1. Of these, 171, 184, which one is loosely packed, with under 14 Cβ neighbours inside 10 Å, within 21 Å of residue 49 (Cβ to Cβ) and at pLDDT below 90?
2. Quick one: in segment 114-125, which of the residues that are in contact (Cβ under 8 Å) with a residue 40 or more places away in the chain and surrounded by 15 or more Cβ atoms within 10 Å (Cβ to Cβ) is nearest to residue 74 (Cα to Cα)?
3. From the list 128, 178, 143, which one is surrounded by 12 or more Cβ atoms within 10 Å (Cβ to Cβ), touching a residue at least 40 places away in the same chain (Cβ under 8 Å) and under 30 Å from residue 56 (Cα atoms)?
4. Restricting to segment 65-101, what's the tally of residues that are under 18 Å from residue 118 (Cβ atoms) and assigned to a loop (DSSP other than H, G, I, E, B)?
5. Tell me, please, whether a residue that is closer than 20 Å to residue 24 by Cβ, free of Cβ contacts under 8 Å to residues at least 40 places away in the same chain and within 20 Å of the chain's Cα centre (by Cα) can be found in segment 72-93.
6. Just the residues that are within 13 Å of residue 97 (Cα to Cα) and modelled with pLDDT under 90, please, taken from segment 31-50.
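The values are calculated or read from the model by the stated rules, or taken from the named source; none is laboratory data. Model, not experiment: these values are computed from the prediction. Neighbour counts run over all protein chains shown; Cβ positions are idealised from the backbone, glycine included.
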């Protein structure tokens, strides 16, 4: 998120965006579970946007995103995190666009994508592959595909690349959601967290 020194509006805008994302799935899960769906997606959106920034940097040198992606698939050390998400047209489509175009079995496909990203990035194993977007409780999906699609679209509204937000966006998002959920349940953030 943006620093508060002169950019208070940017912080408020980011917080409003995060809360709008939470509200897009309201009713799909209890308040404490909202963060379980929102934060992994914000994290993956950040990874996608940073990956695209890095691919664009390489593409400037090799004159093609397709060539840049081929180079990175052979030498993953060229990027911070490798995203094994394949766009149909890498010259035009961005990595998050692949997620946005999921139209059926969104929960299962999204779960599979996050697991593939974790497999490709040892440092992410156990972090982004823990949530199952297709999970059920008492025979009912925790978050159905319609709400999941709305959440994906809401998250798509903000660019989370290297020049767009501060590096600590995930931590700030988590803290903000904890505070908001605590306010909604009449608890302090400490009580809500535990």
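1. Working: 184 fails: within 21 Å of residue 49 (Cβ to Cβ).
Of the residues listed, the single one that is loosely packed, with under 14 Cβ neighbours inside 10 Å, within 21 Å of residue 49 (Cβ to Cβ) and at pLDDT below 90 is 171.
2. Here is the first cut: in segment 114-125, the residues in contact (Cβ under 8 Å) with a residue 40 or more places away in the chain are 114, 117, 120-121, 123-124.
Filter again for surrounded by 15 or more Cβ atoms within 10 Å (Cβ to Cβ), leaving 114, 117, 120-121, 124.
Values: 114: 21, 117: 16, 120: 12, 121: 14, 124: 20 Å.
So the residue we want is 120.
3. Numbers: 178 fails: under 30 Å from residue 56 (Cα atoms); 143 fails: under 30 Å from residue 56 (Cα atoms).
Exactly one residue qualifies, and that residue is 128.
4. Total meeting the criteria: 8.
5. Within segment 72-93, the first condition is being closer than 20 Å to residue 24 by Cβ, and the residues that meet it are none.
Within segment 72-93 (the criterion being closer than 20 Å to residue 24 by Cβ, free of Cβ contacts under 8 Å to residues at least 40 places away in the same chain and within 20 Å of the chain's Cα centre (by Cα)), the answer is no, since none of the residues qualifies.
6. Selection gives nothing.
Residue by residue, here is whether (1) part of a helix (DSSP H, G or I); (2) over 15 Å from the mean Cα position of the chain (by Cα) holds:
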{"residue": "123", "(1), (2)": "yes, yes"}
{"residue": "133", "(1), (2)": "no, no"}
{"residue": "151", "(1), (2)": "yes, no"}
{"residue": "154", "(1), (2)": "yes, no"}
{"residue": "158", "(1), (2)": "no, no"}
{"residue": "162", "(1), (2)": "no, no"}
{"residue": "174", "(1), (2)": "yes, no"}
{"residue": "180", "(1), (2)": "yes, yes"}
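To keep it simple, each residue is scored yes or no on (1) modelled with pLDDT of 95 or more; (2) exposed (fewer than 14 other Cβ atoms within 10 Å of the Cβ); (3) farther than 14 Å from residue 48 by Cα.
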| site | (1), (2), (3) |
| --- | --- |
| 79 | yes, no, no |
| 98 | yes, no, no |
| 105 | yes, yes, yes |
| 109 | yes, no, yes |
